[in-house]
Amino acid sequence: MKKIFVIVIISIGLSISCSSINIKKEKEKFHIYLLMGQSNMAGRGEIESQDTLTHPSVYVLDKDTNWVLAKSPLHYDKPGIAGTGLGLTFGKLLAEENHEIKIGLVPLAKGGTNIDKWRNGEYDKKTKSYPYDEAISKAKMALNKGTLKGILWHQGESDSNSKENVNSYKKKFITLMNSIKTSLDVSSIPIIIGELGHFNYKTRELSKSLNKVFEKIAKSDDCIGLVKADGLNHKGDNLHFSSKAYREMGSRYASKMIELQSKCSVIKSSK
């Protein structure tokens, strides 16, 4: 009887151990990316047929916090307005780069938010949300199932209205990213920041200056990459990219992320 009892205990132990290993492997193969910023990250392009085609390895965390196959619109910050963005193309290209993994996109962008709205505890009346707090909460939820691999950031239109905002942007951005890293217990993470559309230069003179700030930010940190927006058109409002431009932007983000990950990886904080 004693021998049988020992065998049963060992068998249960091995079962639990194997289960834990399998869960860990599944998490490692589910790559999580955070999509942050304002409307040009959320996407405001017309949803065309190709934007509704899913990929078997690309998922999005929906408004009910369920993982579902990704298709446009990914975001739901402003229902009825959110449309095609850059995230879906990004996800599909990353999935095609490595067929052994799955991609998990976490839509966190809030249309119309300036960078000050991305501080801990800051409330945004337009979207009736706390952008930073919600981002951290959903990111942690996503990380229960997967492994954090990078942050996609596209924001700045709301900060290109004054020299003061432009001059203080770099400091605020670095503070924000350091706060995110602290909240998610990482000391290093690949971050992609995208330029404002060059079409903004005609109506928002400081957009060009802010793009130069983005360039300085990218040069200041080996784990931050810059995506250019040259040659990309707006959808007719001189503010938001066209659907075609969003898809191209997503392709540029994907290429830059792959490049960045070759020299920078997510490193957990040592506590």
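Ligands, DNA and RNA excluded, the heavy atoms of Asp237 present near 60 Å² of accessible surface to a 1.4 Å solvent probe.
When the solvent-accessible surface of protein heavy atoms is calculated with a 1.4 angstrom probe, in what order do Glu164, Glu96 fall, highest first?
Details: Glu164 145, Glu96 100 Å².
Final ranking, largest accessible area leading: Glu164, Glu96.
This structure gives P(r) over Cα pairs in 10 Å bins from 0, in percent, computed directly, and of [x] 7, 30, 36, 17, 5, 3, 2, 1, 0; [y] 6, 24, 29, 22, 11, 7, 2; [z] 6, 15, 14, 9, 5, 5, 5, 4, 4, 5, 6, 6, 6, 5, 4, 2, 0, 0 that value is listed as [x]. Taking a point 7 Å from the Cα of Lys140 along the Cα-to-Cβ direction, the residues of the range 101-133 with backbone N closer than 12 Å to it are 133. Below 8 Å between Cα atoms, with a sequence gap of 6+, how large is the relative contact order for the chain in percent? Relative CO of the chain lands at 21 percent.
Using a probe of 1.4 Å on the protein chains alone, the accessible area found for Ser160 is around 10 Å².
Across the range 65-75, rounded Karplus estimates of 3J(HN,Hα) from the backbone phi angles (6.51 cos²θ - 1.76 cosθ + 1.60, θ = phi - 60°) give 6, 10, 7, 10, 4, 7, 7, 6, x, 7, 8 Hz, Gly and Pro being marked x. One chain, two ends: Ser162 and Glu48. Fully extended at 0.36 nm per residue, the span grows by 37.5 nm beyond their Cα-Cα distance. Accessible surface of the range 209-259, 1.4 Å probe: 45 percent of it comes from carbon and sulfur atoms.
Largest first, how would Ile258, Ile267, Ile136 line up by accessible area (1.4 Å probe)?
Working: Ile258 60, Ile267 85, Ile136 20 Å².
Most to least solvent-accessible, the answer reads Ile267, Ile258, Ile136.
If packing is taken as the average count of other Cβ atoms within 10 Å, what order do 245-253, 78-86 fall into, highest mean first?
Numbers: 245-253: 23.6, 78-86: 20.1.
Going by the mean number of other Cβ atoms within 10 Å, highest first, we get 245-253, 78-86.
A simple spin-label model places pseudo-atoms 7 Å from Cα toward Cβ; at Lys216 and Tyr123 they are separated by 3.4 nm. The antiparallel fraction among DSSP beta bridges confined to the chain stands at about 25%.
Can you give the angle from 0 to 90° between the axis of helix 243-261 and the longest principal axis of the chain, with both taken from C-alpha atoms, to the nearest 10? The answer is roughly 50 degrees.
Computed with a 1.4 Å probe over protein heavy atoms only, the accessible surface of the range 39-195 comes to 43 Å² per residue.
Let me make sure I get this right: for the range 153-271, a, b and c are the square roots of the gyration tensor eigenvalues over alpha carbons, sorted descending. Under 1.5 in a/c it's rounded, otherwise prolate if a/b > b/c, else oblate. Which is it?
Working: a/c = 2.45, a/b = 1.47, b/c = 1.67.
Oblate is the answer for the range 153-271, as a/c is 1.5 or above yet b/c matches or exceeds a/b.
For Lys163, what is the net charge nearby, where nearby means another residue's Cβ is under 13 Å from its Cβ and Lys, Arg count +1, Asp, Glu -1? Local charge sum for Lys163: 0.
In the range 78-122, whose amide N lies under 18 Å from the spot 7 Å out along Cα-to-Cβ of Ser251? List them in ranges. Within reach of a label on Ser251, which here means backbone N under 18 Å from a point 7 Å along Cα→Cβ, the range 78-122 contributes 84-98.
The values are calculated or read from the model by the stated rules, or taken from the named source; none is laboratory data. Every value quoted in this text rests on a predicted model; they were computed, and no experiment measured them. Virtual Cβ from ideal backbone geometry, glycine too; neighbours counted across all protein chains shown. Please note that ligands, DNA and RNA were not included when accessible areas were found on the heavy atoms of the full protein model with its side chains. Shrake-Rupley method; radii C 1.70, N 1.55, O 1.52, S 1.80 Å.
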